[in-house]
1. Here is a list of conditions, (1) in contact with a strand residue (DSSP E or B) (Cβ under 9 Å, 6 or more places away or on another chain); (2) surrounded by 21 or more Cβ atoms within 10 Å (Cβ to Cβ); (3) of a type in the set (S, T, N, Q), and Thr156 meets all of them except one; can you say which number that is?
2. Return yes or no: is Leu89 in contact (Cβ under 8 Å) with a residue 24 or more places away in the chain, over 21 Å from Gly244 (Cα atoms) and crowded, with 22+ Cβ neighbours inside 10 Å?
3. Please determine whether any residue of segment 314-336 is loosely packed, with under 15 Cβ neighbours inside 10 Å, touching a residue at least 12 places away in the same chain (Cβ under 8 Å) and assigned to a helix (DSSP H, G or I).
4. With Asp330, Asp365 as the choices, which residue is acidic (Asp, Glu), in contact with a helix residue (DSSP H, G or I) (Cβ under 7 Å, 6 or more places away or on another chain) and within 30 Å of Tyr90 (Cα to Cα)?
5. Just the residues that are farther than 15 Å from Phe31 by Cα, of a type in the set (Gly, Ala, Ser) and buried (at least 17 other Cβ atoms within 10 Å of the Cβ), please, taken from segment 399-434.
6. State all residues of segment 170-189 that are closer than 19 Å to Gly132 by Cα and open to solvent by 60 Å² or more (accessible area, probe 1.4 Å); if no residue qualifies, say none.
7. Considering only residues that are among the hydroxyl-bearing types (Ser, Thr, Tyr) and closer than 19 Å to Ile6 by Cα, look in segment 193-223 and name the one that is surrounded by the fewest Cβ atoms within 10 Å (Cβ to Cβ).
8. Need pairs with beta-carbon distance below 8 Å; first residue in contact (Cβ under 8 Å) with a residue 24 or more places away in the chain and more than 10 Å from Arg220 (Cβ to Cβ) and within segment 239-250, second of a type outside the set (Phe, Trp, Tyr) and part of a loop (DSSP other than H, G, I, E, B); sequence gap 6+ or separate chains.
Amino acid sequence: MGCGDIDYSAFPSRLALIDGNNFYVSCERVFNPKLEGKTIVVLSNNDGCVVARSQEAKALGIKMGVPWFQLKELCRQHPIQAFSSNYALYGDMSQRMMSVIGQFSPEQEVYSIDESFLDLSGFPHLDLNDYGQQIRARVKQWVGIPVCVGIAPTKTLAKLANHFAKKRPALNGVCDLASLPANEITAIMRETDVSEVWGVGRQMSAQLNRMQIMTVADLRAASPNWIRQQFSVVLERTVRELRGETCIGMQDSPEKRQQILCSRSFGTYVSDLTSLQESVSTYIARAAEKLRSQQSMAHTLNVFIRTNPFSQKEPQYSKGITVPLPSATDDTLLLTYYALFGLERIFKEGFAYQKAGVMLMDLIDRSQAQPSLLDDVVELERRKRLMTVMDRINGEFGRGSIQLASAGVKPIWRMRQDRRSPRYTTRWGELVGV
């Protein structure tokens, strides 16, 4: 069973996906216009791998995830500028961009740091191509980030339309599928690899190719029931969404996380307990902050440490421990106490540690938490106020402005960020000089 051309203008729903072009690179360019037109890559933690590329870097053939050290020869041939990840800057710029985008619809779903869905179904009287151009212009003028806009009856189609908007210069950054002739959309889909469909990864794409489903048009034409039998109900929904049938709704707020993990590789190997305690204290504080931000409490935590599994010269050790808590809590002081308690039980001398981390588990909503008979209710309320003050100070003056002494003052283990640009928007001392 298949389907021919589909007129998407016949469907009442209109969803828009707006995302920042090469977002991390664009954030760097906002405060340093000299970077426009230059070949730029942004590196992962400890300056390990490429996690973002400018269009010029893509044109040179630089792949996502390639280790930075493998690009040294290419750097000798071309002027490539590399930046360490500056998540304080990217996170703040994302909030500003989402705030501007949210002005264009009463219903917005922030999907990721650089992507946001808008429900435009209530604007049938507007030319949505013009509306998309207004969004692009305002975000560019107010925030400085270039964006593309894809508009379609479903989320899957909106993601695809956004891809078309990026790849086809004639669309000028905005693609409203409902405004295009049905046969033209089918022709574009026949030219687009099936791997470009939202949720179709590399392995699934290879499976589909073996079944002669090579393009987006092939997948749309496949029978939804047959797809469910061969793959799953998830891919069946994707096929139905490609046909204009809404299967994935808008979410007003992101779902709460069931687990919260915070871990990092160190900038240099550490072998002493004190350095590990500093790192674990830092990570548990960040995890607790996330826990409070989603109004949750944890019943259990896990601590783990490990050496570098790729280093054949060093002896290997990897260990974790799960620590049940007496009662559910979101208190940084209590969580730190139990995390360090667990760390001391798994630490062994004589190893060069490369990574540590913590995970908060068995999460419940704060409103469901019950204090135990031994808890001091007055003290619990006082500590709750203390956590609120800590979060406000760190939110206003930057992460780590106030922290526990156990996190250390000048940690030697902190990850390498030798190429990080200033945190222009969140640190007074790093403001742009004019």
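The values are calculated or read from the model by the stated rules, or taken from the named source; none is laboratory data. Predicted, not measured: the structure shown is a model, and the values here were computed from it. Here Cβ is always computed from backbone atoms with ideal geometry, including for glycine, and neighbour counts include all displayed protein chains. For accessibility, only protein heavy atoms count, side chains too; no ligands or nucleic acids. Shrake-Rupley method; radii C 1.70, N 1.55, O 1.52, S 1.80 Å.
1. Thr156 satisfies all of (1) in contact with a strand residue (DSSP E or B) (Cβ under 9 Å, 6 or more places away or on another chain); (2) surrounded by 21 or more Cβ atoms within 10 Å (Cβ to Cβ); (3) of a type in the set (S, T, N, Q) except (1).
2. Working: in contact (Cβ under 8 Å) with a residue 24 or more places away in the chain: yes; over 21 Å from Gly244 (Cα atoms): yes; crowded, with 22+ Cβ neighbours inside 10 Å: yes.
It is true that Leu89 is in contact (Cβ under 8 Å) with a residue 24 or more places away in the chain, over 21 Å from Gly244 (Cα atoms) and crowded, with 22+ Cβ neighbours inside 10 Å.
3. No, every residue in segment 314-336 fails to be loosely packed, with under 15 Cβ neighbours inside 10 Å, touching a residue at least 12 places away in the same chain (Cβ under 8 Å) and assigned to a helix (DSSP H, G or I).
4. Working: Asp365 fails: in contact with a helix residue (DSSP H, G or I) (Cβ under 7 Å, 6 or more places away or on another chain).
That would be Asp330, the only listed residue that is acidic (Asp, Glu), in contact with a helix residue (DSSP H, G or I) (Cβ under 7 Å, 6 or more places away or on another chain) and within 30 Å of Tyr90 (Cα to Cα).
5. Ser406, Ala407, Gly408
6. Hits for segment 170-189 are Ala170, Asn172, Ser179, Pro181.
7. Here is the first cut: in segment 193-223, the ones among the hydroxyl-bearing types (Ser, Thr, Tyr) are 195, 205, 215, 223.
Restricting the remaining residues to those that are closer than 19 Å to Ile6 by Cα gives 215, 223.
Details: Thr215: 20, Ser223: 14.
So, considering only residues that are among the hydroxyl-bearing types (Ser, Thr, Tyr) and closer than 19 Å to Ile6 by Cα, the one surrounded by the fewest Cβ atoms within 10 Å (Cβ to Cβ) is Ser223.
8. Hits for this filter: Glu245/Thr154; Thr246/Ser13; Thr246/Pro153; Thr246/Thr154; Cys247/Thr154; Ile248/Thr154; Met250/Glu107.
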